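Participant: Pasting a structure here, questions to come.
The values are calculated or read from the model by the stated rules, or taken from the named source; none is laboratory data. From a predicted model like this one, the values you see are computed outputs, not experimental measurements. As a convention, Cβ positions derive from the backbone with ideal geometry for all residues, glycine included, and neighbour counts pool all protein chains shown.
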Amino acid sequence: MGNFHYLSIALGVFLLDRVSKLLVVSGYRRGAPILFRDGFFSFKYVRNTGGAFGLFPRKGFIFLIVTLLAIGLIVYLLFFSSLRRDLTNVGLALILGGSVGNLLDRILWGAVIDFIHIWRMPVFNPADVAIVCGSGLIIFVLAGGPKLIAS
């Protein structure tokens, strides 16, 4: 895959995240969550001022700096390094799109907009899903996953 493909993946994640959050912010009325399947799945509007899973609340500035550094590193790895592992680069592109989406939230609203709630899990958003999936894909590659599948 060429660099354009990875950029397309990152842009797709970013756009999905932005559109979903804009719909939630503009259409959600404060109050009770919207429940599905007897509360197993719901939409619950939350402004997360901390890190993943709401850890370290009101430390948004630190996460803003860390996210900027991570985005810089990912852009370097994707476009300027000699890294040529397709699965690793797909993982990096997923993380890049999600990171930029959450970074824009911090800049615009001072917090990350979360709204997907499943059972007892912390509330999350599509950018978080992309970051977790991208990280999982990179861990899979580092653990030798492609070799295990090929054999």
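Participant: Take Phe124 and decide whether it is within 14 Å of Asn48 (Cα to Cα), out of contact with any Asp or Glu (no Cβ under 9 Å at 6 or more places or on another chain) and aromatic (Phe, Trp, Tyr).
Facilitator: Working: within 14 Å of Asn48 (Cα to Cα): yes; out of contact with any Asp or Glu (no Cβ under 9 Å at 6 or more places or on another chain): no; aromatic (Phe, Trp, Tyr): yes.
When the stated conditions are applied, Phe124 does not pass them.
Participant: Next question, about the same structure. Which of the residues that make up region 65-118 are farther than 16 Å from Gly50 by Cβ and of a type in the set (S, T, N, Q)?
Facilitator: Residues satisfying the conditions are Ser81, Ser82, Thr88, Asn89.
Participant: Taking region 34-60 on its own, how many of its residues are on the phi < 0 side of the Ramachandran plot and either at pLDDT 70 or above or more than 22 Å from the chain's Cα centre (by Cα) (or both)? I'd like the intermediate steps shown before the answer.
Facilitator: Residues of region 34-60 that are on the phi < 0 side of the Ramachandran plot, as a first pass: 34-36, 40-52, 55, 57, 59-60.
Checking the rest, the ones that are also either at pLDDT 70 or above or more than 22 Å from the chain's Cα centre (by Cα) (or both) come to 34-36, 40-51.
Residues meeting the conditions: 15.
Participant: On to the next question. Out of the residues in region 92-122 that are more than 30 Å from Asp38 (Cα to Cα) and either in a loop (DSSP other than H, G, I, E, B) or in contact with a Cys (Cβ under 8 Å, 6 or more places away or on another chain) (or both), which is modelled with the lowest pLDDT?
Facilitator: Here the residue is Gly110.
Participant: Could you list, ordered by first residue, the pairs with Cβ atoms under 6 Å in which the first is in region 72-83 and under 17 Å from Val100 (Cβ atoms) and the second is not in a helix (DSSP H, G or I), at least 6 apart or interchain?
Facilitator: So the pair list comes out as Leu77/Leu83.
Participant: What residue, of Leu77, Leu83, is at pLDDT below 95 and part of a loop (DSSP other than H, G, I, E, B)? Steps first, please.
Facilitator: Details: Leu77 fails: part of a loop (DSSP other than H, G, I, E, B).
Checking each option against the conditions leaves just Leu83.
Participant: When you go through (1) more than 19 Å from Tyr45 (Cα to Cα); (2) free of Cβ contacts under 8 Å to residues at least 12 places away in the same chain one by one for Val141, which number turns out not to apply?
Facilitator: (2) is the only condition that Val141 fails.
Participant: Condition first: part of a helix (DSSP H, G or I), touching a helix residue (DSSP H, G or I) at 6+ places or on another chain (Cβ under 7 Å) and within 18 Å of Leu96 (Cα to Cα). Now tell me which residues in region 123-151 satisfy that. Walk me through it before giving the result.
Facilitator: Of all residues in region 123-151, those part of a helix (DSSP H, G or I) come to 126-142, 145-150.
So of that shortlist, the ones also touching a helix residue (DSSP H, G or I) at 6+ places or on another chain (Cβ under 7 Å) come out as 126-128, 130-131, 133-135, 137-138, 141, 146.
Answer for region 123-151, where residues must be part of a helix (DSSP H, G or I), touching a helix residue (DSSP H, G or I) at 6+ places or on another chain (Cβ under 7 Å) and within 18 Å of Leu96 (Cα to Cα): Pro126, Ala127, Asp128, Ala130, Ile131, Cys133, Gly134, Ser135, Leu137, Ile138, Val141.
Participant: State the number of residues belonging to region 77-113 that are under 11 Å from the mean Cα position of the chain (by Cα) and among the charged types (D, E, K, R).
Facilitator: 0
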